[in-house]
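Okay, structure first, notes after.
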Amino acid sequence: MPSPGKQLVFSFLAGHILYPIGDLVAGTRLIKYYNFLQESQWWQEEKLRRWQDDKLALLIRHAYANVPYYKHLFDRCGIDPESIKESSDLKRIPVLTKDIIRNNFNDLVSLDVSKRKPRLACTSGSTGAPLKYYTDMHAYSVGWASTFRAWGWGDYNLGDKRVTFGGGALTSKSSNPLKQLMRDKLERNLKISAVFMNDESLGNHVKQINRHKPSFIRGYASSLYELALFIKKKGIKIARPKAVLSTAEMLLPGQREMIEEQLQGEVFDNWGCNDGGGNACECREHSGLHVAVERSVVEISENSGPANSGEVLLTDLHNYSMPFIRYANEDMGRYVPQKCLCGRNLPRLDNFQGRSIDFLVTAEGQKVHGAFFSRLFLNLKSFTHFQVSQVLIDQWIVKLIPSAFAVNSLLIKEIELVRTIIYQRTRETKLEIEIVDSIPAGKSGKWKFIANEYEGLS
Ligand SMILES: [Zn+2]
């Protein structure tokens, strides 16, 4: 970790000079939103709700007046845009799926897009087919401002050195190499690809990290875990960060424990969806992820998943170039009902529970969403990875990697628990449980915990 005095000076420079200049040059408003979000996170619930409702009403009016898709949709469904006054009114608007976006791309672009300096963005495609969409400078600014605020819950200050360790979704470069270089220098962000990892590449990554001495290490949960495992195996030391930011994948308790032990930094789990304008992050209470309600409305659709979980539906309040209203990004989640002890009134989502389109089918013909398995394993301490695959119409294989910290008696108990809980769901499906050393990640470097290998399933 760099010296605290030097770090404070750089953070002051970043917040008061470097980022404001960056905003001027790029036409962004990152600092303005960042300062606003620092205050709004402490607002009372009612004030936050009213602020969000006002933004929502403006977005709906804009969409009806300027976006052909919504003009036709609202007219066809008999929806008066003036009647959408708060987030609960959104239920009357049909959900926007990725297929609808692909089939109506031009009609979803605002007629006044040219004055908004739009940028064509694309999802990474790491968990499905890539999706193109337009975003604009406001959405971009709020997106980064809310991400920086969330990292601040782990003591991040603007300009703090960081390492980004993951697949293409985290380490991709801009189409303008000069701009990218300037941004990486300004942010002191060292990007390391974790798509292919072996002892040699991990050894090089550790050397790079130790030279850079980051205050924060950010990466996919499974990539951070592999890094931690390598450090433990080799008995080497890594420059101690202030915190570790895990993102883009479900973080299991066994992974968190190993990462915290070996990387010597408190782990903060994050969730982000730029296409839908969503982000959420843990605070120091580590009991759910606080949602940036100033950035988007995040709904959980009713009754679509196990244990009060449902499909995530996002309405980005700031992207006027191509508004997405009730966008189903194919994640599943659920809200935590209680208030957080940290005092923030931003609602919390439970740990993310996989993708709504990942499912297996029991021998009895019942569909079981990935959320069922993620809920199960998020409550177990003995495993760092799992994968459930359907290999036949009536056969599933559960692969488990035990944690290096697993206590044998608990491990045996939890394996039996996995068998019993799955058996309660499907009595006719044959279940094999295998203890393995590794589960290969997908091409993007992301770990896939549901695998449909049976062709008759889709
Ligand atoms: Zn909190």
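The values are calculated or read from the model by the stated rules, or taken from the named source; none is laboratory data. Everything numeric here is computed off the predicted structure, so don't read it as measured data. Cβ coordinates were reconstructed from backbone atoms using ideal geometry, including for glycine residues, and neighbour counts include every protein chain displayed.
Look at residue 348 and say whether it is within 16 Å of the ligand (Cβ to nearest atom), within 29 Å of residue 150 (Cβ to Cβ), buried (at least 20 other Cβ atoms within 10 Å of the Cβ) and at pLDDT 90 or above.
On the way: within 16 Å of the ligand (Cβ to nearest atom): yes; within 29 Å of residue 150 (Cβ to Cβ): yes; buried (at least 20 other Cβ atoms within 10 Å of the Cβ): yes; at pLDDT 90 or above: yes.
Yes; evaluated as a whole, the condition is true for this residue.
Using beta carbons and a limit of 9 Å, which pairs, at least six apart or on different chains, have the first residue in the range 188-204 and acidic (Asp, Glu) and the second one in a helix (DSSP H, G or I)?
199/230; 199/233; 199/234
Cβ-Cβ below 9 Å, separation at least six or inter-chain, first residue in the range 280-297 and assigned by TED's automatic domain parsing to the domain that holds residue 145 and on the phi > 0 side of the Ramachandran plot, second more than 11 Å from the ligand (Cβ to nearest atom) and not in a strand (DSSP E or B): which pairs?
That search, which allows pairs on different chains as well, returns 286/256; 288/350; 288/351.
Please work out which one of (1) surrounded by 20 or more Cβ atoms within 10 Å (Cβ to Cβ); (2) assigned by TED's automatic domain parsing to the domain that holds residue 253; (3) among the charged types (D, E, K, R) is the condition residue 375 fails and give its number.
Residue 375 satisfies all of (1) surrounded by 20 or more Cβ atoms within 10 Å (Cβ to Cβ); (2) assigned by TED's automatic domain parsing to the domain that holds residue 253; (3) among the charged types (D, E, K, R) except (2).
Hey, could you check the range 351-380 for residues that are in contact with a Phe, Trp or Tyr (Cβ under 8 Å, 6 or more places away or on another chain) and assigned to a strand (DSSP E or B) and say which is modelled with the highest pLDDT?
360
Quick check on my filter: what residues within the range 295-322 are in a loop (DSSP other than H, G, I, E, B) and either of a type in the set (D, E, K, R) or at pLDDT below 95 (or both)?
Pass one, the range 295-322, residues in a loop (DSSP other than H, G, I, E, B): 295, 301-309, 317-322.
Listed by number, the residues that qualify are 295, 301, 302, 303, 304, 305, 306, 307, 308, 309.
I'd like the residue in the range 279-294 that is in a loop (DSSP other than H, G, I, E, B) and within 11 Å of the ligand (Cβ to nearest atom) and, out of all such residues, is surrounded by the fewest Cβ atoms within 10 Å (Cβ to Cβ). Before you say what the answer is, go through the steps one by one.
At the first step, the residues of the range 279-294 found to be in a loop (DSSP other than H, G, I, E, B) are 283-288, 292-294.
Of the ones still in play, those that are also within 11 Å of the ligand (Cβ to nearest atom) are 283-288.
Numbers: 283: 22, 284: 14, 285: 14, 286: 12, 287: 15, 288: 20.
Out of the qualifying residues, it is 286.
Here are some residues: 60, 21. Which one is under 24 Å from residue 277 (Cβ atoms), among the β-branched types (Val, Ile, Thr) and out of contact with any Lys or Arg (no Cβ under 6 Å at 6 or more places or on another chain)?
Values: 21 fails: under 24 Å from residue 277 (Cβ atoms).
On inspection, the qualifying residue turns out to be 60.
Restricting attention to the range 136-148, report how many residues are under 14 Å from residue 15 (Cβ atoms) and crowded, with 24+ Cβ neighbours inside 10 Å. Write out each step before concluding.
To start, the set of residues in the range 136-148 that are under 14 Å from residue 15 (Cβ atoms) comprises 144-145, 148.
Applying the additional criterion that residues be crowded, with 24+ Cβ neighbours inside 10 Å yields 145.
The qualifying residues number 1.
Could you tell me whether residue 276 is within 30 Å of residue 108 (Cα to Cα), within 12 Å of the chain's Cα centre (by Cα), among the small types (Gly, Ala, Ser) and part of a strand (DSSP E or B)? Talk me through it step by step, then tell me what you get.
Numbers: within 30 Å of residue 108 (Cα to Cα): yes; within 12 Å of the chain's Cα centre (by Cα): yes; among the small types (Gly, Ala, Ser): yes; part of a strand (DSSP E or B): no.
Criteria not met by residue 276.
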